Amino acid sequence: MAEYTIKVRRFQPESGEGPYWEEFNVDLDPSLSVLDGLLQAKDNEDGSLAVRCSCRAAICGSCGMKVNGQSTLGCKTQIGEAQEQANKMLAATGATAAEAGSPVRGEGEYAVAGVASDTPIVIEPMGNMPVVKDLITDMESTHWTKIRRVTPWLLPHGEPPEREYIVEPESMIDITQSMACIQCGACVSSCLSMEADPDFIGPAALAKAYRFVGDPRDAETHERLHDLADDPHGIYDCTHCFSCIDACPKGVAPMDQIMRLRRKAGEEGIDDPNSGHAHELAFVKIIEKKGTLDEAMLVQESYAPGIKGKLKPSMRGLRETIKSLPTILRPLRKRKVPLKKAIPGTHHKLPGGAQDEVRAIYAHAEEHSEEFNLYIKGEEGELAEVDVEKGIERSTVPAGEEADSGQ
Amino acid sequence: MASENIRVAYWPGCVSRGFTPELHGSMALVADRLGIELVELDRANCCGAGVIAEHNQELADTLNARTFALAQQTGLAMMNICSTCQGAQSECQQRLDADSAYRAHVNEVLSGQGLSYEKDKDGFTNKNFLWLLVEDYGLDKLRSQVQRPLSGLRVGPFYGCYIVRPKERLGYNHYPDRDVYLEKVIEALGGQVVEYDGARKCCGFPVVTMNRDTSLRQAGTHVGDAIDAGADCLVTPCPLCHLNLDMQQPEAAKVVNRDLGLPVLHLPQLVGLALGAEPKELGMDRHVASTRWVQERLTGVAA
């Protein structure tokens, strides 16, 4: 048993007051969970402390919350580890996740700051959602609305079979990762794109979208991809910050699913209003030709693809190019970037035959374009994280042979 | 603890030789002063920044396997100076290291070029300058090299997503403090750490051409938060973050509708200042957001 102080961000709507912090002292084994700590505080100190929970075993997905600023499940976070994390952050930064005041720390304080074991563990409701009461957030207004946005059911064509749809188990392996989602909302809570753009469809819904895009029974894959690419707040609004990957308690890696949606949309040749596909193609082509990045060319090709060849700048391309002019002119004025580097296409190739080596890699990879999904394949010598059904053994099968199975 | 002389296979990345040339220059200067020998990988290619992997994962894995193989030819550990290179390369390395058959498949094309990437060969590692500084060079040794302590300079750390997440891929199991190294370095150099909300958040750069508003709102918010917390400057180990936080700062200010004007230093620049280098040699006069304030804080005279 050990004593912990948990500092909870509380909000009681019926009081008419704003949110406030309250500390509770709890006494439990370090291997027990943050949720256990909260329930103890609720039992012993204040029955009005509101927290949603059910299974306490990371299955039901009810107890999404932020612990020391990290979106997670309360039941899957050991309180001893949460304490260590709180101590570490205080020692390094001189502040807990809750402290707004006196953020500046002086020299020499580093070595002594924050070693005390009573550093509070900071617990907050999930982010990017309205708070209903204490740690209970409104999942409907953001999470479920966005889930419904991606048409989360199968859209098969043709006559339905007499009984169930029959599919090869191997053809479903690809989507097992996104099927592992328990709809807890931790990824939505952590999403840094959504913080800046609340309209972003977001990690949970896009992972769910991939679950149907990758399903062999679905007949509207192209329409789904087109819809998600065509939405300016869709797949090309993800800022690639990996927050959802670390937040997800089930290893779904929503960002990886978003990247797969982009890859599939690209393979289907779908252009988008954000020029996401144009940006991707420009980047890939530039490295094939130059080996390192011609930044001026990337900017130009992202906005106005083919300007040197076939000249088809879009209205958005022109608008964005004009908007980006000050950003280009300022560093030129400061002599930060020489004029030559600001002119697309003047960038050098790799020296002495190295560029040919890069081209050979392109030729080889484009024949295969194999995807190696660690979630499914696992690390050599370790057991795979998922078995689609008990009995599907994998892990040391040569990658080449496994490529056909569900990619 | 630090060894006497460190030699590394050095991958400077694209942006440090492109739109942030002051990073490449200041790294060379600082390495010289610290006694770190940089063996530059001038035949190596772009890491793909996650974008090539988004297009074709095997292509990205093979391109980075080539870079690792070039580094392994030198027999040295590899060092980069870009959070994005770190993250994109670590992602590919994780897949390559996971499966010998996949590695053999990728090595097929490299073998035609006399190259091969071998897992753990000579204890191969690829570390950002920040990691190398703390884990291999050592903070005690760094502290002993300080000529001009950054006394009174209030520095906000800005990591860049690719160097802090995902934790499992980036070696946090072995090095759990990698997400507080900037704070440790700032302290070792004699500066003051400023805690603010954005230190480990996204600068927004990856979507700057796709959704300019989302992107610049992120950059502007973090810079504004750091100013509100009393920062004199930010420091970052990522040149892509630098592009959005510094080069785009005047545009970000318009999006968040407030005055900004906060200097953003590359990590080697901050180290260089403490080692006694002049701001101009470190290319600090080339930033978009003026660094004059930092110079005044350190020298006590108006620059």
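Every read-out reported here was derived from the displayed coordinates using simple, explicitly stated rules and does not represent laboratory data. A quick note: this is a predicted structure, and the numbers were derived from the prediction, not measured. Every residue, glycine as well, gets a Cβ built from its backbone with ideal geometry; the counts of neighbours run over all protein chains shown.
Please go through the residue pairs A:Lys290/A:Lys340; A:Lys7/A:Lys88; A:Lys264/A:Lys323 and name each one whose alpha carbons sit more than 21 Å apart in this structure.
A:Lys264/A:Lys323
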Self-check item: In range of the label at A:His222: residues from the range A:148-173 whose backbone nitrogen is under 16 Å from the point 7 Å along Cα→Cβ
Solution: A:156-158
Quiz prompt | Residue order, fewest to most beta carbons within 10 Å, for A:Thr292, B:Thr74, B:Thr236 | solution = B:Thr74, A:Thr292, B:Thr236
Practice problem: Note the angle between two axes, namely the Cα long axis of helix A:79-93 and the longest principal axis of the Cα atoms of chain A, as a number of degrees from 0 to 90, rounded to the nearest 10. | Solution: 70 degrees
Quiz item: Gap in Å between the Cα centre of the range B:231-260 and the Cα centre of the range A:163-239?
Solution: 32 Å
Quiz item: Over its Cα atoms, what ratio of radius of gyration to 2.2 N^0.38 Å does the protein assembly as shown give?
Solution: 0.94
Quiz item: Highest GNM mean-square fluctuation, chain A, Cα pairs closer than 10 Å: which of A:Tyr362, A:Tyr236, A:Tyr165?
Solution: A:Tyr165
Practice problem: For A:Lys336, list the lysines whose Cα falls under 18 Å from its own Cα; do not include residues on the same chain fewer than 8 positions away. | Solution: B:Lys280
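Considering only the protein assembly as shown, what is the antiparallel percent among its DSSP beta bridges, to the nearest 5?
Here the share of antiparallel DSSP bridges comes out near 45 percent.
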Quiz item: What is the Å³ per residue value for the convex hull set by the Cα atoms of the range A:23-93?
Solution: 92 Å³
Quiz prompt | Partnerless cysteines, meaning none of the other Cys C-beta atoms lie under 4.7 Å away, in chain A | solution = A:Cys75, A:Cys181, A:Cys184, A:Cys191, A:Cys238, A:Cys248
Practice problem: Return the loop-located GluC sites (Glu not before Pro) in the range A:259-289 (DSSP other than H, G, I, E, B) with at most 16 other Cβ atoms within 10 Å of their own Cβ; answer none if there are none. | Solution: A:Glu268
Quiz item: Can you give the net charge of the other residues whose Cβ lies under 14 Å from the Cβ of B:Gly220, counting K and R as +1 and D and E as -1?
Solution: -4
Quiz item: Using a simple spin-label model with points 7 Å from Cα along the Cα→Cβ vector, what separation in nm is obtained for A:Glu267 and A:Tyr165?
Solution: 1.8 nm
Quiz item: Mind checking which of A:Pro273, A:Pro216, A:Pro331 has the largest fluctuation in a GNM of chain A, springs on alpha carbons under 10 Å?
Solution: A:Pro331
Self-check item: Nearest-ten-degree value, helix B:100-111 long axis tilted from longest Cα axis of chain B
Solution: 90 degrees
Exercise. Enumerate the calculated ³J(HN,Hα) couplings along the range A:136-153 in order (Karplus 6.51 cos²θ - 1.76 cosθ + 1.60, θ = phi - 60°), each rounded to whole Hz, writing x wherever the residue is Gly or Pro.
Key: 9, 9, 7, 6, 5, 5, 10, 4, 5, 4, 6, 4, 5, 4, 9, 6, x, 8
Practice problem: Return the loop-located trypsin sites (Lys or Arg not before Pro) in the range A:241-339 (DSSP other than H, G, I, E, B) with at most 13 other Cβ atoms within 10 Å of their own Cβ; answer none if there are none. | Solution: A:Lys308, A:Lys310, A:Arg335
Quiz item: Pick from A:Glu223, A:Glu295, A:Glu162: which residue has the top mean-square fluctuation in a GNM of chain A where Cα pairs under 10 Å get a spring?
Solution: A:Glu162
Quiz item: Just going by the charge dipole of the protein assembly as shown, with Lys and Arg at +1 and Asp and Glu at -1 on Cβ, which of A:Trp21, A:Cys53, B:Asn211 is farthest out on the positive end?
Solution: B:Asn211
Self-check item: Degrees between helix A:203-213 axis and first principal axis of chain A (Cα, 0 to 90, nearest 10)
Solution: 50 degrees
Quiz item: Using only the Cα atoms of the range A:142-288, what do you get for the radius of gyration and for Dmax, in Å?
Solution: 15.5, 52
Quiz prompt | Calculated [θ] (222 nm, deg cm²/dmol) that DSSP helices of n ≥ 4 give over chain A, each run adding -39,500 (n - 2.57) | solution = -11000 deg cm²/dmol
